[in-house]
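K.L.:
What follows is a single structure, and I will ask about it in a moment.
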Amino acid sequence: MTRHVGRSWDGPGHLEALCPCPLAPCGLVDVDNVDDKCKQHPPMRCKTMRTGHLAEDCPGTGRAVVVALGRVEVARQRIIDAACMEPEGFVNASIFDAVDDFQAAVAHMCAEQIREETKYAKAMGVLEPDKFRPCRDAADQIDPEESES
């Protein structure tokens, strides 16, 4: 029986977002496809898996949010790296690009959360399809680059 697992308590999180393992549609890691270079998910690393489900019970949504979370974490680290390069009293111009990238990554993550919630609500039959249009429009305004793809 194939399982999807994660190291966060409440579903996929930053550990899955930053690891090299391929993600299942839910954003967790498929135990049959664990990357040996990963420091979190291979059984030989002896780390606890705190969330998971059988592959056949996969809700199928969440991967896009986890990927977006990874993008936020990388952009945040770029800001820290740029800030740490400078002696006191000087500013490296790369920090401005790093801040812009971070802002874009956070906007993308928010839009992906909106998109995933509307997909989930639609799958669960919670809302009528025409009720989703304002949500999708809001996500596209927050993250117009992604709406074009």
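K.L.:
Mind counting the residues in segment 52-79 that are exposed (fewer than 12 other Cβ atoms within 10 Å of the Cβ) and assigned to a helix (DSSP H, G or I)?
P.N.:
Total meeting the criteria: 2.
K.L.:
Something else: Among the candidates Met49, Met44, single out the residue that is part of a loop (DSSP other than H, G, I, E, B), of a type in the set (A, V, I, L, M) and not assigned by TED's automatic domain parsing to the domain that holds Ile114.
P.N.:
The match here is Met49.
K.L.:
While we're here: Hey, among the residues in segment 1-43 that are touching a Pro at 6+ places or on another chain (Cβ under 7 Å) and surrounded by 21 or more Cβ atoms within 10 Å (Cβ to Cβ), which one's farthest from Tyr120 (Cα to Cα)?
P.N.:
Gly6
K.L.:
Quick check on segment 2-20. Is at least one of its residues modelled with pLDDT of 90 or more, hydrophobic (A, V, I, L, M, F, W, C) and under 19 Å from the mean Cα position of the chain (by Cα)?
P.N.:
Checking segment 2-20: at least one residue is modelled with pLDDT of 90 or more, hydrophobic (A, V, I, L, M, F, W, C) and under 19 Å from the mean Cα position of the chain (by Cα).
K.L.:
Are any residues in segment 1-28 under 18 Å from Glu73 (Cα atoms) and not in a loop (DSSP other than H, G, I, E, B), and if so, which ones?
P.N.:
Correct list: Gly6, His14, Leu15, Glu16, Ala17, Leu18, Leu23.
K.L.:
Then there's this: Can you find a residue that is closer than 27 Å to Val5 by Cβ, modelled with pLDDT of 80 or more and outside the structural domain of Cys26 (by TED's automatic domain parsing) anywhere in segment 77-84?
P.N.:
Going residue by residue through segment 77-84, those that are closer than 27 Å to Val5 by Cβ are 77.
Now restrict to residues that are modelled with pLDDT of 80 or more: 77.
Filter again for outside the structural domain of Cys26 (by TED's automatic domain parsing), leaving 77.
Yes.
K.L.:
Looking only at segment 111-140, which residues are polar (S, T, N, Q) and modelled with pLDDT under 80? Before the answer, list the steps.
P.N.:
Filtering segment 111-140 down to residues polar (S, T, N, Q) leaves 113, 118.
Hit for segment 111-140 is Thr118, nothing else.
The values are calculated or read from the model by the stated rules, or taken from the named source; none is laboratory data. What you see is a predicted model; the values in this text were computed from it and never measured. Note that we place each Cβ from the backbone using ideal geometry, even for glycine, and neighbour counts take in every protein chain shown.
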